[in-house]
Every structure is written in C-alpha cells, then in structure tokens.
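> Handing you this structure, nothing more for now.
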Amino acid sequence: MSLNISDPLALLAHQSGLVNPPLIEAAAEAADDLTAQQRAIKIGDPVPIVFCRRVSNNGGVMVAPGATEARYENDGTTNALTVSTMVVLSEGDLPQIAIKDCFVGPCRQGTWNQTYDRRAGTWTPSNAVTTVSGKDPWSCPVYCGTSGRYENMTTMSCVNTYPDGSERWEHQLHLFVREGMKVTRIIDSTLGPSNNVIDLAIYLMTQSGRIPSTLINTTQMLAAANFTNTNGLLFNGVFQESQNLDEWLEQISNDFLLRLTEANGKFAFRPRLPVNGDHTIKTTAISWEFTFTEDHLLPDGFEIQYIPLADRQPVCLQMMWRQQPDADIGFPRTTEIRYENEATAGPYEQYDLSAFCTSETHAVKVGAYRLARRKYITHTLRLNVRPSSYNSILSVGDIVRVRLRRETATTALNYHDFLYEIERIEKTSSGACVFDLTHLPIDSQGRSMVALEVAAATAPGIVIAAGRSNYTCDDNSSSDNTPVGGGGINSPAFADTPSSAATQLSIKAPGTSGAAVDNTTWPDGGNPPIGPNASQPSGEASGGETPLGGWSNPADSLEKDRPAAPITGATGAGGAPQSGDTLSIQESDLGCAGQVCWSKINKNTGVETEISCQNQAISGSYDLSITTSEANHYIVATGRCKDPSTPSGWGAPSKLNQTPAVICPPVAGIYGGNISGTRPPSGNTVGGTWTLSRTAGSFIVFDPSFPPNPPCSSFTTLYAGNFNLYTYSNVKNVQFVQETGSCGPITTSFLLTFVNNTQITLTPASTTLGFKEINFGYTMTWDGPNPAQWVVPTICD
Amino acid sequence: MSNRAQSQYLRIFDATTTYVRWQTYYVNQTVTLDGASWSYMPFSAGGIVESGASGGRSVSITIPATNSVVQAFTQALSYGRFCELKIYEFDSRLDNTAPQAGQTLIASYTAEVVDVSGTFTSLEVELGSSLSPVGAQVPPRKFTSYLIGSPLRI
C-alpha cells in the first residue's frame, strides 16, 4: 500500500538532516555504572554486535555483556564464594582478548576463557552453595541456565572467588574490546576487525536480508569508507539496541558527515562535504555540475523556503564522545562548541556520539559541521524544470548552480544566484524533474564555507583524568597482554541443553516429500485461480460445479421478493377474474398496517393504470370490484406499509400479486350474443348448406310511436316464437353485421358469401329506433367440411 | 518545440534468468535493445524518486492486469526477483520505429518488487528495497532458546 501525501518544502531541512535537534537529551550512552548487578540476557534480546578497532592508541569499546549461565559454589570452611559466569560478548568471531582488558566490576580479576561458536568455560551451571556454620549464607540465583548452541557468537567465561561477606560477587563483568567482530573490510578487502562505519552498514544491510548485495553501490561505499577513514570519523561501539535499519542508516550517516543515497535503486553513502581526490575535505573553490536558468524552469517551478529563526539562532553544541584510555575504563566526555561570543549562556543542544565515537576530533568536526550549516545555510529550494541533459548526469548530493534573473524595474536588474546541494530528485512520468535543493554557501573565492569550518575545526586534544583514586582492586596485571584461555564445550554442553529438535520446526516446502501441501503449484509463484483447468464432473452441465464445489451462495432474505399475497375472488377459468368479481387481499398477507393499491396493466400494450388505493383494510381485507373496464387487463396489487418518515406516510411499494387478464364478457344479445351453432371455418372456400332458425324469446324495442322525452326513454316489450328462417346452399362464409339507429342497433343481419363470391345480406330482425334487448336466439348450421362453432363475440372484440 | 521523447523499459530478472522484458514506447512492436527483445506493454512509471530521507525512495508502475502481468509480478513477489526500469531519451524527429543508437539513458532503477496492488484491470507495482521504515530491525539476530537454552535468571 502506498500513501501519497504532500511533501512541503519546509520539511526538507529536517529530511536532509540540516535541522534535527535531539528529541531527547539524556545521559551519555557510554556512561555505564561499573558496579551494577550483573545483567542476565533474556530470550528475545538482540544479539549485540561489538564493532571496533583500536588504531593509533584510539578506539575500542568497553562492553558490559549479559550472562546466560552461572555457577555458584562456596567453600565449606571459609564460605568463600566462587562465581562462574558465562557471557555472550558479541555476534561473530572476535580476536582473543588480553587478560588486562577483563574486568569484574571495575577490577581486573578472575580466570577468563573466550571461544567462538560454542559455550566458553568447562564448568557446569548450578547453584552448589551450602550453608556454613557461623557464616551468613549466600543468596545466589538458583536458575543458572542450561546452555545453548551459541551459534556464530563469541562467548566468555569468568571464574572468580570472593571472600566471605563480599558484596562484589554479583558485579557486572566488563571487557575492553580492542578488536571487534571480524568483517571483510571494504577498504583493504581483508577479513578482520573494523572501525569503519561503512563496513558495519554493509554488514547490517546484508545480514538484515532486506537488501540484496546487488542493490549496494560498492563504488560509492568505498569512497565513503575512505572519506571517514581519512578524516578520522571512526566507529567504536556496541550495537545492541533494536532499531529500524533504515532509520539507523539515516541517523548514523549524519554523525559521520555522510548522506545516505539511493541512486538507480542502489544504496550508498556520499560525503556531505566536497572532497579532494585523496578523500580529504576540499577547502578550495568548488565546481558545480549544472546551472539552472530561466530556460529550464516550468511555470510556478520555483519555490523557496528560508530556514526559520528558531533553527538559525546561535547555540552551543555539547558534543558527547568517549575518552578511551589504553589501560583504563573509558568514560564519556563533552566538548562544547560555539562561535565566539555567541550562546555563551546557551541555549544548548546535546549530541551523543559516546556510543561509538572515541575521537574528540570526530566529535568536534561533526559539531562544527552542524554549527556551520546552522549559521550559513539560509534556505532551501524546490525547482520544477523541464527535462534536459541533466536528466542523465545529476544525482543526489551533486552541486548545482541556480542563476535566475530578477527584474523589478528597468534599472534594477538582479540575480538569484546560489550554489545548492541536491537533496532529492523526482523524475516524473511526464519527463519533468523536481529538484529539492539545499543552499551551499560559498565565500568570495568559491570555497564551501561549511567545508572550511569543518576542516579547520581542531579538537583541544587535552586528555582529562578519569578521576580514579589510587586504590586498586586488580588481581590481574594492567599490562598483561596474554590472551585469555580458549576453553569451552561444544554443543550440547550438558544433558539439559535443549536440542535443535526441541527449539526449531521446519515446515516442509510445498510439494516436497512429506509436505502437508503436496499437490502444489507453488513453483508458479502461488495458487492459480480455481479453474478453468479444473475438470468438469461427469453429469454436470457446462458451467456447473467444479470438483471444489458450487458457487451458489446462501439466499439473502432481504434481496428476495416477498412472498406473493394471494388474490382471492376471481371466478373465471384458470383463476382469471371477470366482470362482477370482487378481488381481495387479506390484511394478514400484507403483513403490516398499510395501503393496498390496485392497478391494471393492458394485456396488449403493457400500459399500467392505477385503479384505486385503499388506505386501510375493511373487514380484514383490501378489495377491488372488477368491471368490464378491466377486461383484458392484468390486475396488480401493490402494498405499502406505513412509514411516518416519508412525505406520503407510506413506505416503499411492494408488489403483492398479479392476476391473469380479466376475462372479456360476451356481448349482449342485441349485439349477436344469442347466436350459436356451426358455421364455415375461417378461410373456407368450399360451399355448404347454411340454415338459420330462431328460438323463442322476448325482445324490447324503443318505442317509435311518439317522440319520447328524453329520447330513447320509451320502449315496448314484444315476443318472437320458434321459426326456421333461412336455408341457402353453396355458402362458404357467414358474417354477423348490424346497423345502428338513434337508440341502438336497428338490424341484426347475416352477410352470406357464396362459392361464386356473390354475397347476400339477410335481416331476420329490424326496428326503427333500436333494439334495447333481445332474448330470443339464433341457431345456425352449416354442413360443409370442418364446420366451426360460432364464437360469441366479447365486448373486447 | 521540444524534440525530446522518452521510452521506458522494464525487466524482471534474478541472478540467472530474465523473465520478462517490456517496453512502452513502440506500440504493438517487439524491439531490440542491448541484444535483447522487448515486447510492448503499456505500463507507465510514476516517477523515480532519489532521496536520502527514510522511506523516500521508490518507483511506482501502473500496468494492465493481464494474465501474464499478474503472473510475472506475483512470481517476482514470491521469489524476490529484481525489477529494472530504464528510461531513455532520444530525438523524436529521428527514427521512431526502433530504439535509436544515440539515445541517452537518463534514469535507471533496479529494485525489488516490494508491493503490488490495484484493481481488477490494472496493477500498481511499487519497486524499492524491502528496507521499510517499519520492521527490518537491527541487530538482526535475537537470543533464542536454540542459541542460549534457558538462560540464567537473576
């Protein structure tokens, strides 16, 4: 995951190390208590790395190692206590330490052994203390350790005896390590101890497993190593506090006048100061790689940020370092650095280099560098420029010149013309480049003012006394250069030493013999998607389930249609409503107090029309009376529950149910509704004999005898008896036709078509103003082939 | 008027094998550069940042999530393969059908594929070292039961 946030130019001074006052000021890291209780190592503690090399009477580090095993045993007569302690000195293989450099508390005492990759000393850890009559019993630890593998570690054993009543038996052991862990030194390609921070950085990068060796720029690393070596910026310390590597690399680079860079994806350090070919600080005129002018700037491509007052005020730097005598325990010191007559009473800023710096010159040069940058560097710059030849030649740490003409009046021509160091380069996908630059102040001769200050900074060089009194508790000689013994025991040292099997578990690689995951595609970089290579089970439809199971998910009740509410009351065939029916939805089927709206959907056009809405149930139901106007329409019931939060007071509509289309009723008798029998089929061409007879019944006609008022309001009921009306041969088609008068149909006629295509209209009944009702019937027959039943027309036809 | 054109080349490789070579300038063409064939893939590099600040160094690549792309980058993640991004600059007035002999390498970035994310149709690939500001603690080794057994308890 990447988070893209704005990167204000104001942060550049902090990001570049230009302004980074210590967050916490505290005691020097080198200020160990000499008579503290022996420290025990705990599971999970980092394995310390002792990294130092004493050269020209300078360097080395006093180590207070943690213990992992101990043995306590007293004399049955004198009660003298013999304490045997096994400590882990460092990761890696250290050269043998001299006897004079081994301390119990502040005293050179004890019998020592040092070994590598195994446990030092041959004694067995235990508490063998007994109570001696007349003596105070010793109170020693009872959990004395089991020993372990000590792989790739340097271990030391100390055996020392203390007289009855001594309080020194649990003093912390100290070892002055002159030559630390062996690494391949980058400068001379030799395996041995080193005091070059670049060697340590490369070791940590490699050991972290996070940076492949191909991503380390060896050439620039070598140049940086030569720079620190030439200028006396050396590392002599113990690295044992767990810290993020990236953060440590960035922090430590500032204290060695280096800059951590990553060019072309490769990590490297570069000196923060201009250097000569012999790696000394360059105090002559410096050159620059490129000059940016108005030609290069993109619109709004110039952004400047001046260093705020708080970060430019004079301060006194208290540089903490470690004075490391050759024949005594080292101790932290401070050297105060300030410009003359500035910050004489503070403010102070404390920089603790005592954990690794044993050179006052080193501390002074770092202090001078910080102080000079604070004094001389005035601003930072961000340039947004078009792509040009500098794309391929500039990298972080290079020096460039920015010369921009500023015209504020015709006679006032000025230039923004400074040198800068490149702190950050962003090459965008559009080709434009963004350079973050830090002002590089130069004097009138073109020399870096910061470099001049650092090169000229000289340590007072006065060795101060350690403050140690003449009292000595040494049993061993302070000049005994004899290496300590090499005795030890290979693992497993003792019966209770845990085996590898007891402490480690190796999960078999996928696909290997005995692995839990045997049928793996891990060599392809991970699990492939399920299918399409998964075989189709026999019997499954294409796209059906794979051998791994189907892909149907549990139903989501909230996404399903609600159960249909039954619409009752339809009496037509197939549950279709018909005119005169009363359709009902039960209130219980709605499921709430609410509204039911009825609408109809035209069977042919799909047009929906609302019929009515009922806002509450009446006698437990919501009803709709079907009339002929609903014929040929689907009836839809839609429910809404009450919802006070909506403007209408009703919630979302939910379709409750829908009926089949309402049946169209047959037309009344006056419109041919009383006709029955057989007739020629549709499209017939064959002739047959057609007959028509009347079945008895009444009929009503509008009265033509006097003008009614209102019209068509007066009528007379008459009667017609059974009667054979017509018989015709060669008939191939019959149609019912009507003529309409002022009050209704005035004729009921039949149009006959003969095989010779002649036609005749037969009118068995007629009146003047119109029939109001016809209750007699017509029955026809046709004896041709495939006769069809006469279909009574509906009101929808 | 600028006559500057830039072409980008992406290669995924390890110590012994180069797995893919893609370029994003010559559309639907396979071109030859440095004796190797580079097929067309419409990716875009989001800019190369060089900085000394912690966590300030990375390159982001946006690339279509085709089957071959997904496989290439998931394998790169699984096996810690390297990814090399090179940007060349050349004169657009000259040959645009194949890499020009006189083109200039203006940026080169070699890193591990440290993060891949994106949508169903495109991937965002972050190149850098796995030296993240969180984790990657030093000293790298810790005291374990294997190394020191049950240690002394004072």
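The values are calculated or read from the model by the stated rules, or taken from the named source; none is laboratory data. No experiment lies behind these values; they were computed from the predicted model shown. Methodologically, a virtual Cβ is constructed for each residue, glycine included, from the backbone with ideal geometry; neighbour enumeration extends over all protein chains shown. When the accessible area is computed, the model is the full protein with side chains, heavy atoms only, and any ligands, DNA or RNA have been set aside. Shrake-Rupley method; radii C 1.70, N 1.55, O 1.52, S 1.80 Å.
> Could you check the simple spin-label distance between A:Thr727 and A:Thr219, using points 7 Å along Cα→Cβ, in nm with one decimal?
About 12.6 nm separates the two model spin labels.
> Check A:Ser429: other-chain or 5+ apart residues with amide H under 5 Å from its amide H, H built from backbone geometry?
Counting only residues 5 or more places away or on other chains, the set is B:Gly47.
> Now for a separate question. For segment A:84-193, what is Rg from Cα atoms divided by 2.2 N^0.38 Å, rounded to two decimals? Kindly include the intermediate steps, with their values, before the conclusion.
On the way: Rg = 16.8 Å, N = 110, 2.2 N^0.38 = 13.1 Å.
Working it through for segment A:84-193, the quotient is 1.28.
> For the ranges B:86-96, A:507-517, A:67-77, what's the packing order if you count other beta-carbon atoms within 10 Å of each residue, average per peptide, and put the highest first?
Details: B:86-96: 16.3, A:507-517: 10.5, A:67-77: 21.7.
With the highest mean Cβ count within 10 Å placed first, the list reads A:67-77, B:86-96, A:507-517.
> Of A:Thr291, A:Ile211, A:Gln240, which is farthest towards the positive pole of segment A:209-346's charge dipole, taken about the Cα centre with +1 and -1 on the beta-carbons of Lys, Arg and Asp, Glu respectively?
Working it through, the farthest residue towards the positive pole turns out to be A:Gln240.
> Buried by at least 50 Å² relative to the chain on its own: which residues of segment A:21-56 qualify, computing accessible area with a 1.4 Å probe on protein heavy atoms?
The answer is A:Ile41, A:Ile43, A:Val47 - residues whose exposure falls by at least 50 Å² when every protein chain is included.
> Additional query: Can you grab the distance from the C-alpha centre of segment A:325-385 to the C-alpha centre of segment B:71-94, Å, no decimals?
The distance from the Cα centre of segment A:325-385 to that of segment B:71-94 comes to 43 Å.
> Hey, another quick one. Tell me whether chain A comes out rounded, prolate or oblate; compute the Cα gyration tensor, take square roots of the eigenvalues as a ≥ b ≥ c, and use a/c under 1.5 as the rounded threshold. Each step should come with its number before you reach the end.
Working: a/c = 4.14, a/b = 2.62, b/c = 1.58.
Here chain A falls in the prolate category.
> Give, rounded to the nearest 20 debye, the magnitude of the charge dipole that segment A:120-275 has about its Cα centre when Lys and Arg contribute +1 at Cβ and Asp and Glu contribute -1 at Cβ. Mind showing how you got there, number by number?
Numbers: 11 positive and 14 negative charges, 93 e Å.
Roughly 440 debye, rounded to the nearest 20.
> Straight-line reach from B:Lys86: which lysines have a Cα under 29 Å away, not including same-chain ones fewer than 8 places off?
Result set, ordered by chain and number: A:Lys266, A:Lys427.
> Next question, about the same structure. Using +1 on the beta carbon of Lys and Arg, -1 on that of Asp and Glu, and nothing else charged, what's the dipole of the protein assembly as shown about the Cα centre, debye to 20?
That gives a dipole near 1020 debye.
> Also, I was wondering about something else. When you look at the Cβ of every residue in B:70-79, what mean number of other chain Cβ atoms sits within 10 Å? Present the calculation step by step, with values, prior to reporting the outcome.
Working: counts 2, 4, 1, 1, 5, 4, 1, 2, 5, 2.
Average per residue, whole number: 3.
> Per residue of A:391-399, what is the mean number of Cβ atoms on other protein chains within 10 angstrom of that residue's Cβ?
Values: counts 8, 8, 2, 1, 1, 5, 2, 0, 0.
Partner Cβ neighbours, averaged per residue: 3.
> Summing -39500 (n - 2.57) over the DSSP H runs of n ≥ 4 in chain A and dividing by its residue number, what mean residue ellipticity at 222 nm do you reach, to the nearest 500 deg cm²/dmol? Mind dumping the intermediate values first?
Details: 8 runs with 72 residues, N = 797.
Calculated mean residue ellipticity at 222 nm is -2500 deg cm²/dmol.
> Let me ask something additional. Between B:Ala98 and B:Thr121, what FRET efficiency follows from the Cβ-Cβ distance if R0 is 45 Å, with the result rounded to 0.05? Please list the in-between numbers first.
Values: r = 30 Å, r/R0 = 0.66.
The computed FRET efficiency comes out at 0.90.
> A drop of at least 10 square angstrom in accessible area, chain alone versus all protein chains together, probe 1.4 Å. Which residues of segment A:206-233 meet that?
The answer is A:Gln207, A:Ser208, A:Arg210, A:Ile211, A:Pro212, A:Thr214, A:Leu215 - residues whose exposure falls by at least 10 Å² when every protein chain is included.
> Right, next: Within 10 Å of each Cβ in peptide A:664-677, how many partner chain Cβ atoms are there on average? Round it to a whole number, please. Please report the intermediate quantities before stating the final value.
On the way: counts 0, 0, 0, 0, 0, 0, 0, 0, 0, 0, 0, 0, 0, 0.
Mean shielding by partner chains, rounded to a whole number: 0.
> Have a look at segment A:120-148 and report residues whose accessible surface goes down by 20 Å² or more when the remaining protein chains are included, against the chain on its own, probe 1.4 Å, ligands and DNA/RNA excluded.
Those are A:Pro141, A:Tyr143, A:Thr146, which lose 20 Å² or more relative to the chain on its own.
> Further question: Is the shape of segment A:36-77 best called rounded, prolate or oblate, per the rule: a/c under 1.5 gives rounded, else a/b larger than b/c gives prolate, else oblate, with a ≥ b ≥ c the square roots of the Cα gyration tensor eigenvalues? Before the final figure, lay out the partial values.
On the way: a/c = 3.96, a/b = 1.69, b/c = 2.34.
Since a/c reaches 1.5 but b/c is at least a/b, the shape of segment A:36-77 is classed as oblate.
> Carbon and sulfur atoms: what percent of the 1.4 Å accessible area of the protein assembly as shown do they account for?
Numbers: 22470 of 44820 Å².
Reported share for carbon and sulfur atoms: 50 percent.
> Then there's this: Please list, in chain and number order, the residues 5+ apart from A:Phe290 or on another chain whose amide H is under 5 Å from its amide H, with Hs placed from the backbone.
It is A:Arg401, by chain and number.
> Counting only heavy atoms of the protein chains, get the accessible area per residue of the protein assembly as shown (1.4 Å probe) and round it to a whole Å² value.
Accessible area per residue: 47 Å².
> Sticking with this structure for a sec: Would you mind working out the magnitude of the charge dipole of segment A:141-208 relative to its Cα centre, with +1 at each Lys and Arg C-beta and -1 at each Asp and Glu C-beta, to the nearest 20 Debye? Before the final figure, lay out each step's value.
Numbers: 5 positive and 7 negative charges, 41 e Å.
So the dipole magnitude of segment A:141-208 works out to roughly 200 debye.
> Continuing with this model, one more query. Pairs of Cα atoms under 8 Å, at least six residues apart: use those to get the relative contact order of chain A, whole percent.
On the way: 1736 pairs, mean separation 79.6, N = 797.
Value for chain A: 10 percent.
> Please compute the contact order of segment A:212-274 in relative form: average sequence separation of alpha-carbon pairs under 8 Å and at least six residues apart, divided by the residue count, as a percent. Display every interim value, and only then the final one.
On the way: 53 pairs, mean separation 27.6, N = 63.
Computed over segment A:212-274, the figure is 44 percent.
> In whole Hz and in residue order, list the ³J(HN,Hα) couplings for segment A:92-102 that follow from phi through the Karplus curve 6.51 cos²θ - 1.76 cosθ + 1.60, θ = phi - 60°; x for Gly and Pro.
Computed from phi, the couplings for segment A:92-102 are x, 9, 9, x, 5, 8, 7, 4, 5, 9, 10 Hz.
> Compute the distance from the alpha-carbon center of segment A:429-501 to that of segment A:77-94, in whole Å.
Here the two parts' Cα centres lie 26 Å apart.
> Still on this structure, please answer the following. I'd like to know which of A:Gly697, A:Gly192, A:Gly606 lies farthest towards the positive end of the charge dipole of the protein assembly as shown, counting +1 on Cβ of Lys and Arg and -1 on Cβ of Asp and Glu.
A:Gly697
> What is the Cα centroid distance between segment A:103-139 and segment A:192-262, reported in whole angstrom?
About 38 Å separates the Cα centre of segment A:103-139 from the one of segment A:192-262.
> Also, quick follow-up: Restricting to the protein assembly as shown, compute how many DSSP beta bridges are antiparallel as a %, nearest 5. Mind showing how you got there, number by number?
Numbers: 205 of 227 bridges.
Of those bridges, close to 90 percent are antiparallel.
> Obtain the nm distance between the two label points defined at B:Asn28 and A:Thr646 by a simple spin-label model: each point lies 7 Å from its Cα along the Cα-to-C-beta direction.
According to this spin-label approximation, the distance is 5.4 nm.
> FRET efficiency for A:Ser429 and A:Leu309, Cβ-Cβ distance as r, R0 = 41 Å, nearest 0.05?
The computed FRET efficiency comes out at 0.60.
> A further question on this structure: Name the residues whose placed amide hydrogens come within less than 5 Å of the amide hydrogen of A:Thr794, ignoring near sequence neighbours (fewer than 5 apart) on the same chain.
For A:Thr794, whose amide H was placed from the backbone, the distant partners under 5 Å are A:Val667.
> Taking the highest mean first, how do the peptides A:714-722, A:428-436, B:99-107 order by number of other beta carbon atoms within 10 angstrom per residue?
Numbers: A:714-722: 13.1, A:428-436: 18.9, B:99-107: 16.0.
Highest mean packing first, the order is A:428-436, B:99-107, A:714-722.
> Something else now. Near A:Lys42, which lysines are there with a Cα under 20 Å away, not counting those fewer than 8 places off in the same chain?
Filter leaves B:Lys142.
> Another question about this same structure. Under 1.5 on a/c is rounded, so check that first for segment A:321-406, then, if it is not, pick prolate when a/b is larger than b/c and oblate when it is not; a ≥ b ≥ c are the square roots of the alpha carbon gyration tensor eigenvalues.
Values: a/c = 4.44, a/b = 2.01, b/c = 2.21.
Oblate is the answer for segment A:321-406, as a/c is 1.5 or above yet b/c matches or exceeds a/b.
> Each residue of segment B:13-21 in turn: what ³J(HN,Hα) in whole Hz from Karplus with 6.51, -1.76, 1.60 and θ = phi - 60°, glycine and Pro shown as x?
Result, ordered by residue: 8, 9, 4, 10, 9, 9, 8, 9, 9 Hz.
> Kindly write out, for segment A:504-517 in residue order, the coupling ³J(HN,Hα) from the Karplus curve 6.51 cos²θ - 1.76 cosθ + 1.60 (θ = phi - 60°), rounded to whole Hz, with x marking Gly and Pro.
For segment A:504-517, the Karplus curve yields 9, 9, 10, 7, 4, 5, x, x, 8, 4, x, 6, 5, 9 Hz.
> Using protein heavy atoms only (no ligands, DNA or RNA), what is the total accessible area buried between A and B, 1.4 Å probe, nearest 100 Å²? It would help to have the intermediate numbers written out before the result.
On the way: alone 41020 and 9760 Å², together 44820 Å².
Summing both chains' loss of accessible area gives about 6000 Å².
> Less than 17 Å apart at the alpha-carbon level, and either on another chain or at least 8 residues along: which aspartates and glutamates does that give for A:Lys375?
A:Asp311, A:Glu336, A:Glu340, A:Glu342, A:Glu349, A:Glu421, A:Asp443, A:Glu453
> In degrees between 0 and 90, to the nearest 10, how far off the longest principal axis of chain A does helix A:360-376 point, with axes built from Cα atoms?
Taking Cα atoms only, the helix is inclined about 50 degrees.
> Next question. Might you list the cysteines of the protein assembly as shown that have no disulfide-compatible partner by the rule of another cysteine's Cβ under 4.7 Å?
Here A:Cys52, A:Cys102, A:Cys140, A:Cys144, A:Cys158, A:Cys316, A:Cys357, A:Cys433, B:Cys83 come out as lacking a disulfide-compatible partner, given the Cβ-Cβ threshold of under 4.7 Å.
> Right, something else. Can you give the angle from 0 to 90° between the axis of helix A:197-208 and the longest principal axis of chain A, with both taken from C-alpha atoms, to the nearest 10?
Helix A:197-208 sits at roughly 40 degrees to that axis.
> On to the next question. Pull out the extension gain between A:Met449 and A:Thr768, defined as 0.36 nm times the separation in residues minus the alpha carbon to alpha carbon distance; nm, one decimal. Present the calculation step by step, with values, prior to reporting the outcome.
Values: separation 319, 0.36 × 319 = 114.84 nm, distance 12.83 nm.
Here the segment from A:Met449 to A:Thr768 would lengthen by 102.0 nm.
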